[in-house]
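Asks: Quick one: the structure is below, questions incoming.
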Amino acid sequence: MDTQVFSEDPSRRQKLVLGGHTFASISDVVCKPIEDKAPTWWLIGLMASLSFLLLLFSMLGYLVWEGIGIWGLNNPVMWGWDLVTFVFWIGIGHAGTLISAILFLFRQKWRTSINRFAEAMTIFAVMCAGLYIGFHIGRFWVAYYLFPIPNSMQMWGNFRSPLLWDLFAVSTYFTISLLFWYVGLVPDLATLRDRAATKTRKFVYAILSMGWRGANRHWQNYERAYLILAALSTPLVLSVHSIVSFDFAASQLPGWHTTIFPPYFVAGAIFSGFAMVMTLMLIAREIFGLKDMVTLHHLETMNKIILATGTMVGYAYAMEFFVAWYSGNEYEAFAFINRAFGPYAWAYWTMVSSNVIFPQLFWFKKIRTHIPTMFVISIIVNIGMWFERFVITVTSLHRDFLPSSWEYYSPTWVEVCQFLGSFGLFFTLFLLFLKFLPMIAISEVKGIMPEANPHHGETHHG
Amino acid sequence: MANEIYGLVAEFDTPGSLLRAAEGLRDFGYKKFETYSPFPIHGMDAAMGLKDSILGWIVFVFGATGLTCGFLLQTWVSVYAYKITVSGKPLFSFQAFVPVCFEVMILFSGLAAVFGMFTLNSLPELYHAMFNHPRFAIASSHGFFVSVEAEDGLYSEVETWQLLEKLGGKHIATVEA
């Protein structure tokens, strides 16, 4: 095993910033993409994303105009790509919170290079998820029914339903993630303000940074706020996907009604989120020349997390089957045999091979540190995790208790286009983020450099 | 205005020299001084003689309020405002109220942490005397600064200047309010 990584002696620990950077050059490298003229690939990417975003808006417009019948949903499959994609996006978001909050509490300093990036991903993914949940109710204009608002009908939500818990969980999650991200951004926005070459730029970043000046009295409260937010986000992120899993687990459908769902969903969410961070990060570090800050060591560590969570997901798949047999419940057993060998077996085996088999390749250091291979595996995991939600949602529904109503569900073109469109929303926001905000937390990266230690250079550890 | 000078500013090269300068000013008895750095420096709160942040208590109060509000909202809605029996469960099913109580508590705490932090730091504050200092722009990138306010009882333009010099400060200058 690589003892360097686990060494307790800070001078022997793996360096997190390579390339002999100084505090000033870190600011330069991270601010460069924001201050330079937009590159051509960025404009092309933005145009492509915007066209997909337009596709999303057209599909949503069509949905509102025509009604939910334009989707392939029908009895007994009442939840299809809408819920599948909702869970897919919300799961992706979880890696961002894991990196920003949980790894912060565990003092994992390597997180500073990727946390901003991952948090942005969280926010945009949760926006996509929120959009799905908002529109899947069909009558979007009465979405306010969901909220406990006094109304002329004297009607209130049912707080004994996981679906209402889900609303509170997701909206709290979005709010807290956005605030956490913004708090982290404030010192970096001040850096951008102080470097601004144009008046408009200075004005905008000055407003956004609210007059931050790096005073120690500010840092004191700031660090405390950051710690508290991390401590709040950690149980929050676990609760959000647990509650998402309650949407399924609290029903009485074979294949859904299992107690393993909350931990299984949380592990899967982190797994899929890390895969998405990996996919995006590999592209960004290549294009923006961030290899000194997002080093191979970072990528390898992320791959280890993908391996660990992938194995947990694999364990959950196996345990579901075991319990289906061990419980002696014939409906449960039928649901799982149908999952693996029924009409949706193709989806099931896509899921198993993508999520369980391919990530196991990360046991090999050669593969863990080989960039093209990890890129391919990260995409495979993204696809596999989408299929996981598809398998859970659709296979449990399509053969219900009454064989005469069994149905094979396929999406319509509207659902497919809306799904593609949601990527348009995600990437539009992401490209705007890459261009206008620092994608690496400048002040945090500086804070973990050896030079940032006030006792740096003192010769007591000769 | 009688007081047109905000104070004296000195610049330091490293986090370590900034920390020692803060210790020097603290030991001399200065109170109204401040250090500025592009990232938080370990041990600076003690070096400046600052008390612990009270933010945790603010968050605690708001978190407790959130928890209570979440519980009361659900109880009021389910037991009084909209009595509807779902799958035979009692109207007051407090077990089912736990997730929403938790989420509302987190929401209130998070909002309190963020807005409490900004309030304690009196931000947004778009004008501040320090921004008048021509070299201060690097404080958010790689500069380490100390300011001593003219309002401090011990402040004297000559003596404070000399002390800052002795502590290793560079580019010492007065800043207008």
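Readers should treat all values here as calculations from the given coordinates under stated rules, not as data from a laboratory. As the structure is a computational prediction, the values presented were derived from the model and not from experiment. Quick reminder, even Gly has a Cβ in these numbers, built from the backbone with ideal geometry, and neighbours come from all protein chains shown.
Asks: Want the number for A:Ser51 to A:Leu18: 0.36 nm per residue separation, take away the alpha-carbon distance, what's left?
Replies: Difference between extended and current length: 8.0 nm.
Asks: So, one more: Under 21 Å between alpha carbons, and skipping anything fewer than 8 positions from A:Lys365 in its own chain: which lysines qualify?
Replies: Candidates past the 8-residue exclusion: A:Lys15, A:Lys291, A:Lys304.
Asks: Would you work out the charge dipole size for chain A about its Cα centre, treating the Cβ of every Lys and Arg as +1 and the Cβ of every Asp and Glu as -1, and quote it to the nearest 20 debye?
Replies: On the way: 30 positive and 27 negative charges, 267 e Å.
So the dipole magnitude of chain A works out to roughly 1280 debye.
Asks: Going by a ≥ b ≥ c, the root eigenvalues of the Cα gyration tensor, does the range A:145-219 fall in the rounded group (a/c under 1.5), the prolate group (a/b larger than b/c) or the oblate group?
Replies: In terms of gyration-tensor shape, prolate.
Asks: Treat the count of other C-beta atoms within 10 Å as a stand-in for reagent exposure and order B:Ser147, B:Ser156, B:Ser93, B:Ser37 from fewest to most.
Replies: Ordered by Cβ neighbours within 10 Å, fewest first: B:Ser156, B:Ser93, B:Ser147, B:Ser37.
Asks: Based on the alpha-carbon set only, what is the convex hull volume of chain A divided per residue, in Å³?
Replies: Taking only Cα atoms, chain A has a hull volume of 176 Å³ per residue.
Asks: Treat every Asp and Glu Cβ in chain B as -1 and every Lys and Arg Cβ as +1, leave all other atoms uncharged, and give the resulting dipole magnitude about the Cα centre to the nearest 20 debye.
Replies: I would put it at about 1000 debye.
Asks: Along the Cα-to-Cβ line of A:Val64, 7 Å from the Cα, sits a label point; which residues in the range A:115-144 have backbone N less than 19 Å from it?
Replies: A:127-144
Asks: While we're on this one: Rounded to the nearest 0.05, what FRET efficiency do A:His456 and A:Tyr331 have when you use their Cβ-Cβ distance and R0 = 60 Å?
Replies: 0.40
Asks: Please find the FRET efficiency linking B:His42 to B:Phe92, where r is the Cβ-Cβ separation and R0 is fixed at 51 Å, and quote it to the nearest 0.05.
Replies: Values: r = 50 Å, r/R0 = 0.99.
E(calc), rounded to 0.05, equals 0.50.
Asks: Of A:Glu320, B:Glu23, how do they rank once you tally other Cβ atoms within 10 Å and put the fewest first?
Replies: In increasing order of surrounding Cβ atoms, one gets B:Glu23, A:Glu320.
Asks: Something else about it: Using the C-alpha gyration tensor of the range B:55-120, what are the square roots of 5 times its eigenvalues, in whole angstrom, with the largest one first?
Replies: The equivalent ellipsoid of the range B:55-120 has semi-axes of 31, 9, 8 Å.
Asks: Restricting things to Cα coordinates, could you compute the convex hull volume per residue of the range B:66-177 in Å³?
Replies: Once divided by residue count, the hull of the range B:66-177 is 193 Å³.
Asks: In addition: Choose one of A:Thr309, A:Val64, A:Gly289: the residue whose Cα lies farthest towards the positive end of the charge dipole of the range A:40-452 (beta-carbon charges +1 Lys, Arg; -1 Asp, Glu; about the Cα centre).
Replies: Going by the charge dipole, the pick is A:Gly289.
Asks: Tell me, what is the FRET efficiency for A:Trp349 and A:Glu286 to the nearest 0.05, using R0 = 35 angstrom and their Cβ-Cβ distance as r? Provide the component values of the computation, followed by the final result.
Replies: Working: r = 33 Å, r/R0 = 0.93.
Rounded to the nearest 0.05, the efficiency is 0.60.
Asks: Are there chymotrypsin sites (Phe, Trp or Tyr not before Pro) in the range A:79-141 that DSSP puts in a loop and that have at most 12 other Cβ atoms within 10 Å, and which ones?
Replies: Filter output for the range A:79-141: A:Phe106.
Asks: Mark the label point 7 Å from the Cα of A:Glu35 along Cα→Cβ and return the residues of the range A:170-203 whose backbone N is within less than 13 Å of it.
Replies: Residues passing the 13 Å test: A:191-198, A:202.
Asks: Based on other C-beta atoms within 10 Å, arrange A:Ile99, A:Ile448 from fewest to most.
Replies: A:Ile448, A:Ile99
Asks: Go through A:Leu105, A:Leu179, A:Gly214 and say which Cα lies farthest out towards the positive end of the charge dipole of the range A:69-215; charges sit on Cβ, +1 for Lys and Arg, -1 for Asp and Glu.
Replies: A:Gly214
Asks: Which residue, A:Met127, A:His370, A:Ser27, has the largest displacement toward the positive end of the dipole of chain A when charges sit on each Cβ (Lys, Arg +1; Asp, Glu -1)?
Replies: A:Ser27
Asks: Find the relative contact order for chain B and round it to a whole percent, using C-alpha pairs within less than 8 Å whose residues are 6+ positions apart.
Replies: 50 percent
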